[in-house]
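The values are calculated or read from the model by the stated rules, or taken from the named source; none is laboratory data. Here the structure is a predicted model, which is why all the values come from computation and not from measurement. Cβ atoms come from the backbone with ideal geometry, glycine included; neighbour counts cover every protein chain shown.
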Amino acid sequence: MRADVPQIPQPNPTLTQAQISLTLQQATQWAQGRGDELVDLDTELSQQPELKSTDLTLAFAVWTLAAGAISEASSAPLPNLSAPPATILRSYHQALAKLWNPLIAHDGLELAGNTNEAIRLVDSLIEATKTGIHSAASAVTGRTMIAEHLVTAATLSKQLDIGASELARLHQQSAAMTASSTPTEIADLAARAAGLRSDLETAAAERSRLLNSIGDETRLLDELRVLEIKARTVSTQTASTFSQPPRLGILSVDALGPTPPIPDLEGQPWPAVRTLLAARAEKLGRAKQALVMIIDRHEAMLEERISLRGMVDGYHAKTTSTRTADLPDVAAAYTSAKQLLWTAPCDLEAARKATNTYVQLVSASNKG
């Protein structure tokens, strides 16, 4: 646990022996703790020869003077315990006063006005040294990440045949970096290298997905062939059933062409492969939509005819039980609807109108 920063009070008559003793104890703990911290920082810097720290050198110099002053004050001789209390307290005040003397280096340079100033200076220099080490570590990490991103990007760029110009630009900027490059410059280049790598990885994933989807194309083509057969079947049915069947051309699935061989695609640039596969996927999708629409149109006509037949039969059954069927207009409407719906080719529009007329006559007759 890091020792607290002591606040050394100026000597004054109100200070008690206990207060001064506590101050000296805290100052001693600070000196011991910061000494260990400085040694650890020096060891860390020695393992990184490229790093130099004038802050640490100055911190050692100031700490040495401060620790010496604290040791001298703490070990100052005190009167015998049998001495008068005032004499003992005066000795404690004299020891405390030593910590308010200027700290002078061997060359006569004053490094701090007193031990309080020295304590604050040493702590600030330690934090500055730690910041420098952290920045240097971040720079090393940033350079490593730039190299890793560019290696991966180079592999993907070659596979996909994209991103070559941006990759070359980043390689050039990476090679131009020096030991004096700032952490911000390094972080910016690392971010752009990571961005290029991410874009290429996304493109590679999309390429893999599209190439894998070619395996699903066989299933889709089989599905389209089934739909084509069904479309031709219902088209034949409506042609023989109705006088005005839908006039819709039915595409040939074989005309869509064969599935592109994957080995051929893997040897092409990614932009060309993406364009080709996207266009083919769109073509197959439109073909499916067209076949489903044709089937729906034909089946809708056949289902409507069945529905109208059921309606005519149902209403006829009601009129038979109520003798409404014997009414001349009802009987004529039934005959007309029956003939239109059960005769081929069927005029569906006329049959629809005839059925509506018959239903309305039956409904009106039942109300009357």
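Does Leu125 meet the test of being assigned to a helix (DSSP H, G or I), touching a strand residue (DSSP E or B) at 6+ places or on another chain (Cβ under 7 Å), closer than 20 Å to Phe60 by Cα and not hydroxyl-bearing (Ser, Thr, Tyr)?
Criteria not met by Leu125.
If you scan region 271-298, which residues turn out to be touching a residue at least 60 places away in the same chain (Cβ under 8 Å), under 30 Å from Arg352 (Cβ atoms) and either touching a Phe, Trp or Tyr at 6+ places or on another chain (Cβ under 9 Å) or surrounded by 15 or more Cβ atoms within 10 Å (Cβ to Cβ) (or both)?
Answer for region 271-298, where residues must be touching a residue at least 60 places away in the same chain (Cβ under 8 Å), under 30 Å from Arg352 (Cβ atoms) and either touching a Phe, Trp or Tyr at 6+ places or on another chain (Cβ under 9 Å) or surrounded by 15 or more Cβ atoms within 10 Å (Cβ to Cβ) (or both): Leu291, Ile294, Ile295, His298.
Suppose we filter region 328-351 for residues that are part of a helix (DSSP H, G or I), without any contact (Cβ under 8 Å) to a residue 60 or more places away in the chain and surrounded by fewer than 17 Cβ atoms within 10 Å (Cβ to Cβ); how many remain?
Final tally of qualifying residues: 7.
Return the total of residues in region 240-259 being closer than 30 Å to Leu340 by Cβ, assigned to a helix (DSSP H, G or I) and touching a helix residue (DSSP H, G or I) at 6+ places or on another chain (Cβ under 9 Å).
1
Given the options Ala255, Ala191, name the one that is under 30 Å from Glu303 (Cβ atoms), surrounded by fewer than 16 Cβ atoms within 10 Å (Cβ to Cβ) and of a type in the set (A, V, I, L, M).
Only one candidate qualifies: Ala255.
Please go through (1) charged (D, E, K, R); (2) modelled with pLDDT under 90; (3) surrounded by fewer than 13 Cβ atoms within 10 Å (Cβ to Cβ) for Glu44 and return the number of the only condition it doesn't satisfy.
Every listed condition holds for Glu44 apart from (3).
Do any residues in region 241-269 that are within 18 Å of Val292 (Cβ to Cβ) have Cβ atoms under 6 Å from those of residues that are at pLDDT 85 or above and of a type in the set (Asp, Glu), where the two are at least six apart or on different chains, and which pairs are they?
Correct list of pairs: Val253/Glu228.
Here are some residues: Asp296, Asp254. Which one is acidic (Asp, Glu) and modelled with pLDDT of 95 or more?
Asp296
Filter region 74-115 down to residues that are at pLDDT 85 or above and in contact with a Phe, Trp or Tyr (Cβ under 8 Å, 6 or more places away or on another chain), then give me how many there are.
Number satisfying all stated conditions: 2.
Would you confirm whether any residue within region 260-270 is part of a loop (DSSP other than H, G, I, E, B), surrounded by 15 or more Cβ atoms within 10 Å (Cβ to Cβ) and either touching a His at 6+ places or on another chain (Cβ under 9 Å) or of a type outside the set (Asp, Glu) (or both)?
yes
Can you tell me which of (1) farther than 30 Å from Gln159 by Cβ; (2) surrounded by 13 or more Cβ atoms within 10 Å (Cβ to Cβ) is the one Gln360 doesn't meet?
(2)
Of all the residues that make up region 15-30, how many are within 30 Å of Phe60 (Cβ to Cβ) and touching a Leu at 6+ places or on another chain (Cβ under 6 Å)?
Residues that pass the stated criteria total 1.
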